[in-house]
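I have placed the structure first, in the form of structure tokens, so that the comments after it can refer back to it.
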There are 2 protein chains.
Amino acid sequence: MSNTIKVFAPATVANVGPGFDILGLALEGIGDEIEMSLSGNEGLKIQMPGSDLPTDPGVNVAGVAVQALLDDLGSSQGITMTIFKKVLAGSGLGSSASSAAGAVYAANNLLGNPFSKHELVRFAMAGEAASSGKAHADNVAPSLLGGFTLVRSYEPLDVIRLAYPEDLVVVVVHPQIEVKTSDSKRILKKDISLETAIAQWGNVAGLVAGLAAPDYDLIGRSLQDVIVEPVRSMLIPGFDQLKQRAIAGGALGCSISGSGPSVFALCNDTTKAEKIGKSFQELYQHLGIDHYVHTSKINPTGARVLS
Amino acid sequence: MSNTIKVFAPATVANVGPGFDILGLALEGIGDEIEMSLSGNEGLKIQMPGSDLPTDPGVNVAGVAVQALLDDLGSSQGITMTIFKKVLAGSGLGSSASSAAGAVYAANNLLGNPFSKHELVRFAMAGEAASSGKAHADNVAPSLLGGFTLVRSYEPLDVIRLAYPEDLVVVVVHPQIEVKTSDSKRILKKDISLETAIAQWGNVAGLVAGLAAPDYDLIGRSLQDVIVEPVRSMLIPGFDQLKQRAIAGGALGCSISGSGPSVFALCNDTTKAEKIGKSFQELYQHLGIDHYVHTSKINPTGARVLS
């Protein structure tokens with residue numbers, strides 16, 4: 001049981017087309033890094049070099065998440081952590097989830113792994129609640145567990161790791177404009193027509209079946225969000241053109257990552273994915289919008305120890 | 001190319017818990033039988049011994065379905081059919097779908113199989129439209145294709161055969177009271193809360209994932225319908241007690257078959273299923289309600305030639 005650890009927790013794409021609030025996947029090569037040490041009984045201390053997010057442990061998502069874990073253990077263990085933010089806040093790539101997941105994963109390790117990764121989800125969710133007002137799991141679940149995850153139910157919490165084909169590749173583009181999660185929640189209607197809901201759960205069923213088979217055509221036909229995307233896409237500059245470029249480039253599908261403004265495309269071919277990433281860049285260069293493009297496979301591992 | 005054929009098309013359980021309007025499964029050992037002959041250019045003629053359903057080919061679901069097939073072929077072929085109804089109308093076990101599916105399957109065979117079973121779904125749907133006013137596919141798809149089916153989308157029509165474990169057993173009980181499909185549609189609200197819809201599609205995703213894995217616990221946890229069952233179950237005598245008996249007897253789950261009043265329980269063990277069937281019978285004997293109980297595996301074949 002080492003006294004210091006450094007961990008990585010990946011950025012994530014939540015919703016993934018039709019799976020609003022239930023589906024998520026983990027990315028490779030992008031995520032927060034957290035260095036953590038046990039420190040007697042001195043409470044929680046957080047540093048975030050280069051970030052202007054709050055470091056008060058009662059407000060910081062990682063602090064709130066670790067405190068929830070310690071409270072569950074009845075522990076007053078002091079912990080010091082340095083969070084290296086690599087996932088930009090407000091990107092729609094699960095920035096707060098990455099910090100919360102990484103922090104509880106690191107703390108659990110330092111404390112001798114009293115919890116499984118599945119059990120850590122609810123502590124990380126406490127961090128999410130501090131950030132967005134609601135204890136979402138669709139980003140923290142894939143950040144912790146890796147792969148493609150389903151939050152079947154919140155009460156009781158039931159998180160499932162879905163079967164999916166290993167050759168899937170995700171392209172994400174982050175237009176660096178600010179869209180607050182709270183704003184993008186507010187523009188959603190509280191009620192929807194039963195008919196629209198049926199169309200959505202038909203696509204959810206098709207997507208899960210297509211991932212399990214695997215059946216790439218079915219995944220592609222099912223990557224349709226008829227409820228959230230039509231509303232939220234209005235907040236994303238050039239969304240329709242991005243989607244056109246993705247489909248023209250052979251992507252299985254393309255939709256909003258989390259609450260946006262990042263957009264993802266899902267492919268089953270790395271070469272196609274990289275070309276689509278370039279066409280995203282070209283569009284945003286043309287539109288004069290600062291942006292960041294990332295292409296990776298789905299991260300099968302989730303949170304992991306770096307050293 | 002024979003001139004006469006006899007076919008079987010199974011009864012079906014639609015919706016299957018959370019999958020309102022999209023999921024369905026085929027039963028073994030119960031279904032309509034149809035004897036059909038080609039007959040020159042004399043139009044369609046239908047007989048239904050022992051049934052008081054309309055035999056006018058412009059109204060009868062099988063007649064409408066076969067006419068849709070003939071129209072698509074541009075054929076004026078005369079056809080004579082005798083439908084032996086084994087699935088009671090208004091049972092919630094896909095009675096009209098069984099006749100429509102069997103009829104188009106028989107006609108397709110007699111005409112040299114110009115269509116695949118998948119392609120026949122839309123003709124059978126025309127029969128369903130004549131019966132219920134809407135061209136549903138969630139009963140005709142499993143009756144034709146067998147197994148566990150998903151109607152991912154209606155426009156365009158996209159029917160998928162889902163992966164499922166072979167040892168699933170279905171118990172259905174049909175309380176012989178009349179509930180018209182049109183009535184049970186009417187009592188549904190046209191709008192639902194987004195929050196409820198999310199709970200439903202979480203369960204749809206869990207059910208499809210559980211069937212594919214297979215993961216019986218997950219299938220059981222996911223067999224929850226938070227939208228339709230709470231409303232429609234009020235029309236079914238003793239519904240709550242049936243469900244209690246099913247769960248106490250070890251069923252994975254229990255819900256309404258189609259628009260009711262039949263109720264189904266899904267099990268992964270024949271002995272348990274038969275005991276649950278008996279406990280259903282005992283309840284309805286106690287309540288003085290005429291009823292019919294049927295226990296079978298999922299029918300993997302769907303519509304088939306008998307002779």
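Nothing in this text is a laboratory measurement; each read-out follows from the coordinates by a stated rule. Just so it is clear, the structure is predicted and the values come from calculations on it, not from any experiment. No Cβ is skipped: glycine too gets one built from the backbone with ideal geometry, and neighbour counts run over all protein chains shown.
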Dipole of chain A, Cα-centred, from +1 at each Lys and Arg C-beta and -1 at each Asp and Glu C-beta, to the nearest 20 debye? 200 debye
Peptide B:256-262: average number of partner chain Cβ atoms within 10 Å per residue? 0
Can you give the angle from 0 to 90° between the axis of helix A:239-248 and the longest principal axis of chain A, with both taken from C-alpha atoms, to the nearest 10? 70 degrees
Rg/Rg_ref, chain B, where Rg_ref = 2.2 N^0.38 Å and atoms are Cα: 0.97
Added length on full extension, which subtracts the Cα-Cα distance from 0.36 nm per residue, residue B:52 to residue B:190: 46.4 nm
Toward the positive end of the charge dipole of region A:169-297, about the Cα centre and with charges on Cβ (Lys, Arg +1; Asp, Glu -1), which of A:281, A:209, A:199 goes farthest? A:281
Share of Cα-Cα pairs in region B:55-214 lying beyond 24 Å, as whole percent: 42 percent
Other copies of residue A:155: label-to-label distances in nm, shortest first, labels 7 Å along the beta-carbon direction: 3.7
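If packing is taken as the average number of other Cβ atoms within 10 Å across a peptide's residues, how do B:138-146, B:13-21 rank, most packed first?
In decreasing order of mean packing, B:138-146, B:13-21 become B:138-146, B:13-21.
Which whole-number value in Å³ per residue fits the convex hull of the alpha carbons of region A:169-297?
Cα-based convex hull of region A:169-297, divided per residue, equals 99 Å³.
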So the FRET efficiency between residue A:73 and residue A:155, C-beta based with R0 = 30 Å and rounded to 0.05, is 0.85
One decimal, nm, nearest first: from residue B:270 to the same residue in each other copy, label points 7 Å out along Cα→Cβ, the values are 5.0
So how far, in whole Å, is the C-alpha centre of region A:233-307 from the one of region B:102-153? 39 Å
In peptide B:210-219, how many Cβ atoms from other protein chains are near each Cβ within 10 Å, on average? 2
What is the log10 of I(q)/I(0) for the protein assembly as shown, computed with the Debye formula using one identical point scatterer on each Cα and no solvent, at q = 0.09, 0.11, 0.13 Å⁻¹? -0.75, -1.01, -1.23
Helix-only mean residue ellipticity at 222 nm for chain A, each DSSP H run of n ≥ 4 adding -39500 (n - 2.57), per residue, nearest 500: -11500 deg cm²/dmol
Between the label point of residue B:43 and that of the same position in each other copy, find the distances and list them shortest first in nm, with every label point placed 7 Å from Cα along the Cα-to-C-beta direction. 8.9
